[in-house]
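First comes the structure, then the notes that go with it.
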Amino acid sequence: MTHDSPAADPPHAAEAQPPQSLWRELRDAVRGTDADYTKIPLRRAVFLLAVPMVLELVLESTFAVVDIFFVSKLGPSAVATVGLTESYLFLLYAVAMGLAMAVTAVVARRIGEGKPEEAAATAVQAILIALLVSVPPALAGIFYAQDLLRLMGADAWSIEHGYRYTQWMLGANVVIVLLFVINAIFRGAGDAAISMRVLWLSNGLNIVLCPLLIFGPGPFPAWGIEGAAIATCIGRGCGVLYQLWVLFRGGKHIRVTAAQLVWQGAMLWNIVRTSLGGVGQMIVAMTAWIFLMRILATIGSEAVAGATIAIRVMMFTMMPAWGMSNAAATLVGQNLGAGHADRAEAAVWHIGWYNMGYLVLVSVLFFAFPQQLVGIFSADPEVVKVGAEWLRILSYSFFIYGWWMVTVQAFNGAGDTITPTKINVVFFWLIQIPLSYWLAIQLGWKELGVFWGVFVSETSVGAFTLWLFTRGKWKQAKV
């Protein structure tokens, strides 16, 4: 279903919403509304949710490229340290994002069912889980940062000087996990504008503090690569404080009260059970990335640095598409809760076409100007060469990637996190890693082997996931 139909937009709902100007719609999207996303016209629902989610992730990706821009001034080894540390952070992101998927699905389903108190109680249990899961990575980062970098094949500079970056980023990981989980609560409830403001605050502070703490102008200390990590922790920590303040003060769709600050074992287990698939699918994807970085590390620091910059550029351009995909998760969850399965499916088709159109434009940019894009962040010819190679290869697959992003979020929003996990195991572990290793090491293609291995696996997974979505079994998921 790719158009607004009676099943997608009940006639009485459409009549109850008079047409509004684009400016007013944009203002409502940024400010947040108390609109019922299961009843208002579907195009308006997509707009009100997607705009703040896109703006939220645009600033998140802006920080990612700003951060690597300043770190790159310290040399390829500093950039490689960031890339290798992010390999471990990706495991943390896997847990945080998997948990966030479950939280969005459960909160959205409760809101769609008209049970805001249960949604708020779910939020409390999710925060408790987030606090617990952040402890092991913090201990590993604080006490074993150098060993972790050595395990990933880091060079002498990274192990001797860059380890403090790793120490900070892993040691203070609780702010990363909470930022993911609490924003997932707001998104599931339909308060996407709040999530947007949180990341504006967090990443705005990061962008301001990053150069100050790296280079130390005036009264600021010049902490080098460690300063980049400290700036990130301060920015994200302030974002978490703002999240908690808003959550207890109350958004337009969800509010936590003091009476709900209790351990509820059954509800907590429901979140954990639902999140297992999400955590699994993210761990599969993230560990695949760790293996790829390990392969690149055997080729050299320039290969790691070039790939790290390319990934940052890709993140910057893809965040708007992920924002639209997150809107699909909320709309699927809430509409399934309200019993509107056809409307949930229609939302996915709407957003999928928008995503594909946007990423085709990005593909043209990557194909035409790869050296110029990577050259913004590094003057090292080898680093630019490696990064440009990956951007150009990526440009061939983005037309299908947008559909993969939306359909995966549709499964997750429905609460079916197991299906994407199984898909990831096949396409990332059984295809991407062996293929990349064979091409890069056995055939001697070096970094090109890794990049073409990623192209083959991710193009295939996109086509397969879209086909699986059309079968419709996700509509029967229970959370």
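General remarks:
- Just so you know, in segment 247-268 the residues that are assigned to a loop (DSSP other than H, G, I, E, B) and of a type in the set (D, E, K, R) include one that is least open to solvent (accessible area, probe 1.4 Å), and it is K252.
- Residue check for I254: at pLDDT 85 or above and assigned by the TED database to the domain that holds D155: yes
- The residues of segment 362-384 include none that are open to solvent by 70 Å² or more (accessible area, probe 1.4 Å) and under 21 Å from the mean Cα position of the chain (by Cα).
- Scanning segment 152-199 for residues that are under 30 Å from A121 (Cβ atoms) and of a type in the set (D, E) yields one hit, D191.
- Those residues of segment 199-218 which are more than 26 Å from A100 (Cβ to Cβ) and either open to solvent by less than 10 Å² (accessible area, probe 1.4 Å) or not in a loop (DSSP other than H, G, I, E, B) (or both), in sequence order: V208, P211, L212, L213, I214, F215
- If the condition is being of a type outside the set (D, E) and surrounded by fewer than 24 Cβ atoms within 10 Å (Cβ to Cβ), then segment 385-402 contributes K385, A388, R392, I393, S395, Y396, S397, F399, I400, Y401.
- Pair list, Cβ < 8 Å and 6+ apart or interchain, from segment 176-196 residues that are on the phi > 0 side of the Ramachandran plot to residues that are open to solvent by less than 10 Å² (accessible area, probe 1.4 Å) and outside any helix (DSSP H, G or I): G190/Y37
- Taken residue by residue, segment 223-246 has no member that is open to solvent by 40 Å² or more (accessible area, probe 1.4 Å), modelled with pLDDT under 90 and either within 23 Å of I68 (Cβ to Cβ) or in the same structural domain as A172 (by the TED database) (or both).
- Residue in segment 450-479 that is nearest to N335 (Cα to Cα), counting only those that are surrounded by 15 or more Cβ atoms within 10 Å (Cβ to Cβ) and polar (S, T, N, Q): T465
- First in segment 213-235 and closer than 21 Å to I159 by Cβ, second anywhere and hydroxyl-bearing (S, T, Y) and outside any loop (DSSP other than H, G, I, E, B), Cβ under 7 Å, 6 or more apart: I225/T81; I225/Y165; E226/Y165; A228/Y165; A229/Y165
- Matching residues in segment 84-113 - criterion: being open to solvent by 20 Å² or more (accessible area, probe 1.4 Å) and among the basic types (K, R): R110
- Matching entry among A119, A145, A154, A140 (being surrounded by 19 or more Cβ atoms within 10 Å (Cβ to Cβ), farther than 23 Å from N203 by Cα and free of Cβ contacts under 8 Å to residues at least 60 places away in the same chain): A145
Residue-by-condition table, conditions (1) open to solvent by 40 Å² or more (accessible area, probe 1.4 Å); (2) of a type in the set (G, A, S); (3) under 22 Å from L199 (Cβ atoms); (4) not assigned by the TED database to the domain that holds A108:
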{"site": "T317", "(1), (2), (3), (4)": "no, no, yes, yes"}
{"site": "N326", "(1), (2), (3), (4)": "no, no, yes, yes"}
{"site": "V332", "(1), (2), (3), (4)": "no, no, no, yes"}
{"site": "L336", "(1), (2), (3), (4)": "no, no, no, yes"}
{"site": "H340", "(1), (2), (3), (4)": "yes, no, no, yes"}
{"site": "A346", "(1), (2), (3), (4)": "no, yes, no, yes"}
{"site": "H350", "(1), (2), (3), (4)": "no, no, no, yes"}
{"site": "W353", "(1), (2), (3), (4)": "yes, no, no, yes"}
{"site": "G357", "(1), (2), (3), (4)": "no, yes, no, yes"}
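- All of A305, A310, A259 fail the test of being in the same structural domain as Y93 (by the TED database) and small (G, A, S), apart from A259.
- If the condition is being over 19 Å from A307 (Cα atoms) and open to solvent by 30 Å² or more (accessible area, probe 1.4 Å), then segment 417-449 contributes I418, T419, K422, V425, V426, W429, L430, I431, Q442, L443.
The values are calculated or read from the model by the stated rules, or taken from the named source; none is laboratory data. In this text the structure is predicted, and so the values were computed from the model without any measurement. We place every Cβ from the backbone using ideal geometry, glycine too, and count neighbours over all the protein chains shown. Each accessible area value is taken on the protein alone, full model and side chains, heavy atoms only, with ligands, DNA and RNA left out. Shrake-Rupley method; radii C 1.70, N 1.55, O 1.52, S 1.80 Å.
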